[in-house]
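Heads up, the thing below is written out as structure tokens.
The values are calculated or read from the model by the stated rules, or taken from the named source; none is laboratory data. Just so it is clear, the model here is predicted, and its values are computed rather than measured. Counting neighbours? That spans all protein chains shown, and the Cβs are built from the backbone with ideal geometry, glycine included. Remember, those area values only see protein heavy atoms, side chains included, never the ligands or the DNA or RNA. Shrake-Rupley method; radii C 1.70, N 1.55, O 1.52, S 1.80 Å.
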Number of protein chains: 2
Amino acid sequence: MQKIAELSGVSIATVSRVINDNGRFSEETRKKVLDVIDKYQYKTNAVAKTLRMSKSHTIGIIVPDIGNEFFSTIVHGIESNLFEKGFSTFICNTDKNKEKEKSYIKSLDSKMVDGLVYISGQEEIDDSLLSRDIPTICIDRRPRIKKNLAMVESDHLEGGYLATKHLLERGCENIYVLTKQNNISSVNDRIKGYKEAMEETLHYSNEDLIIKVANDFKFNIEITRKAINTIIKDNKKIDGIFATNDWLALNAVMALNDLNINVPNDVKVVGFDDDTIAKYCKPSLTTIRQDVNSIIEEASDILYKSLIGESTSLLDNHVVIPVSLVTRETT
Amino acid sequence: MQKIAELSGVSIATVSRVINDNGRFSEETRKKVLDVIDKYQYKTNAVAKTLRMSKSHTIGIIVPDIGNEFFSTIVHGIESNLFEKGFSTFICNTDKNKEKEKSYIKSLDSKMVDGLVYISGQEEIDDSLLSRDIPTICIDRRPRIKKNLAMVESDHLEGGYLATKHLLERGCENIYVLTKQNNISSVNDRIKGYKEAMEETLHYSNEDLIIKVANDFKFNIEITRKAINTIIKDNKKIDGIFATNDWLALNAVMALNDLNINVPNDVKVVGFDDDTIAKYCKPSLTTIRQDVNSIIEEASDILYKSLIGESTSLLDNHVVIPVSLVTRETT
């Protein structure tokens, strides 16, 4: 504003009044100021505009890992839907790192985004991070209760239940769970579903059958091989594995293969997500399909309606999307 | 500033002087203004700060398809590298749509990003879009010459040459190219490499052997099947296919499989990229590996050094990263 004031020969206060169209100034002054703004392209400076309007027509998406197919598909879908409706999306990748999450939320906050899609990498969302009260949709990670916040997620419990029921129906009796060493609600629910199915059919479930591997990478066959080796070496029976994601399932299939244990004859394996890899790996994976399109539609819809002020009550919603079993060669 | 001026009982011009630490004001005035700024958290408003400093410590990445593994890996890598060095990254997905590209570049421009990684989806980059003169790295799509712009890409020509040479060495004589109907420099170079190898060994190359399929999707087996059907039906000989990406190669393998043509005995197939799918599909794909890590390192390094003003001459660079042949089951 100082620069504009200098160039148009008026005071900063006058420039401010013209920009905000607020207070007294002559038509001549308005023209002078607007000409300078035009000439030096201050007009296109959306930063100044945002500061004035507090409506940036942008949203932010916090995503734990843009390289994960499930997340990148969701991000892509929401971006496309909202762009068509006039909102630009800034995508921020956090590597599941809490400090990065904090930093990016602050950053988006200060860029005055109008809304947020928040896919946290944390076990528990620290919603105090969200300082401005803007419409926020959480996907797959439950936040503590907060105003202006909706939750969209797959029916993870049903998924774990369906996977385990399928293994039981295929005759498995010693079903292990293969999962990562984190404690997020979506994975906990999948394991809860496993336990429910086990107890319903076999009238027991056993924490010892839940194997947690440190798997920070997309594919780490060594760690999975070691875990499965330990089970076999201890002469424990195993005839089924429910892996809480497709990459773990694929790891397990390859580890079993290396040990000359036949999938599906000796051990049957079910994954989770229905990533592209599940269909094209050999043997192809039986898995639980998350309905990514519905997640995208619901999240975009709730966020959009809140952004345009059509329905803020939607933000109290907790939408649970049904999952389905896809049977392939590993069972 | 108007609000701060009101609350601290000084003029807007004084507020401006205090914020910019520029001009005359008493220590008492400074304290009064800063107290108001503190109290109402104007301090944390990075929008105002950006306007003042023109250094946002943010960069933007324009990416044609965040769902594409090659791109998402690059974006992820650059984001991680630059975050460690104090820069936040806003990722913008353009769906290869020119209007979206324009809109996001404008949007990032007006958010005052300090630098840009530009992976265009266009056949020719319209560099007039880049209105602010900020360090810009183009990956995989060549721009027309512009100041402050570097180019990092794989050696696509060598890749096409290596793929074709490999098929020739395996005894193929009727080698088709399977490619998409676009005209970007990276794909054109791959085809040029194919022609060079053909001419070097067989002393001819034939435009009729280059099949362009309309493949907008990750996986569209019908279109590929139709293309291959046409070749077979016309009694044309075919014993090798160089597909310009791994998904096209996988399409081709499945289409050949459906026609009871054995891969690799009857027809050998080479892909491009070395996506994860190439390793885990069955038969696993022989392909040209792009050295994604080197692309990430080079792009991050050039951009970072330019951002901190260490070396702007790097921006004239055109870095070409070597590729390599990965031999698997399809050849």
Worksheet entry | Of all residues in region A:240-254 being within 18 Å of residue A:280 (Cα to Cα) and hydrophobic (A, V, I, L, M, F, W, C), the one that is most open to solvent (accessible area, probe 1.4 Å) | A:254
Worksheet entry | Candidates B:263, B:253, B:269, B:292, filtered to the one that is over 22 Å from residue B:69 (Cα atoms) and in contact (Cβ under 8 Å) with a residue 24 or more places away in the chain | B:263
Worksheet item: Any idea which of (1) within 14 Å of chain B (Cβ to nearest Cβ); (2) on the phi > 0 side of the Ramachandran plot is the one residue A:276 doesn't satisfy?
Response: (2)
Item to complete: Among what's in region A:296-316 and is open to solvent by less than 30 Å² (accessible area, probe 1.4 Å) and under 12 Å from residue A:135 (Cα atoms), pick the residue that is nearest to the chain's Cα centre (by Cα).
Response: A:299
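Can we say residue B:293 is more than 14 Å from every other protein chain (Cβ to nearest Cβ) and either touching a Cys at 6+ places or on another chain (Cβ under 6 Å) or surrounded by fewer than 17 Cβ atoms within 10 Å (Cβ to Cβ) (or both)?
Working: more than 14 Å from every other protein chain (Cβ to nearest Cβ): no; either touching a Cys at 6+ places or on another chain (Cβ under 6 Å) or surrounded by fewer than 17 Cβ atoms within 10 Å (Cβ to Cβ) (or both): yes.
Here the answer is no, as residue B:293 does not meet what is asked.
Test of understanding: among B:278, B:252, which residue is of a type outside the set (Ser, Thr, Tyr), touching a Ser or Thr at 6+ places or on another chain (Cβ under 7 Å) and within 20 Å of residue B:172 (Cα to Cα)? Even if it seems obvious, please write down each step before you answer.
Numbers: B:278 fails: within 20 Å of residue B:172 (Cα to Cα).
Going through B:278, B:252 in turn, the sole match is B:252.
Residue-wise test of (1) modelled with pLDDT of 90 or more; (2) assigned to a helix (DSSP H, G or I).
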residue	(1), (2)
B:19	no, yes
B:23	no, no
B:33	no, yes
B:59	yes, no
B:80	yes, yes
B:91	yes, no
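Quick one: count up the residues across region B:77-101 that are of a type outside the set (Phe, Trp, Tyr) and open to solvent by less than 40 Å² (accessible area, probe 1.4 Å). Write out each step before concluding.
So in region B:77-101, the residues of a type outside the set (Phe, Trp, Tyr) come out as B:77-82, B:84-86, B:88-89, B:91-101.
When the remaining residues are screened for being open to solvent by less than 40 Å² (accessible area, probe 1.4 Å), the result is B:77-82, B:88-89, B:91-94, B:100-101.
Summing the residues that are of a type outside the set (Phe, Trp, Tyr) and open to solvent by less than 40 Å² (accessible area, probe 1.4 Å) in region B:77-101 gives 14.
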Worksheet item: Quick one: would you say residue B:299 is touching a helix residue (DSSP H, G or I) at 6+ places or on another chain (Cβ under 7 Å) and away from chain A (no Cβ under 14 Å)?
Response: yes
Item to complete: Examine region B:179-193 for a residue that is farther than 30 Å from residue B:136 by Cα and either under 27 Å from the mean Cα position of the chain (by Cα) or among the charged types (D, E, K, R) (or both), and state whether such a residue exists.
Response: no
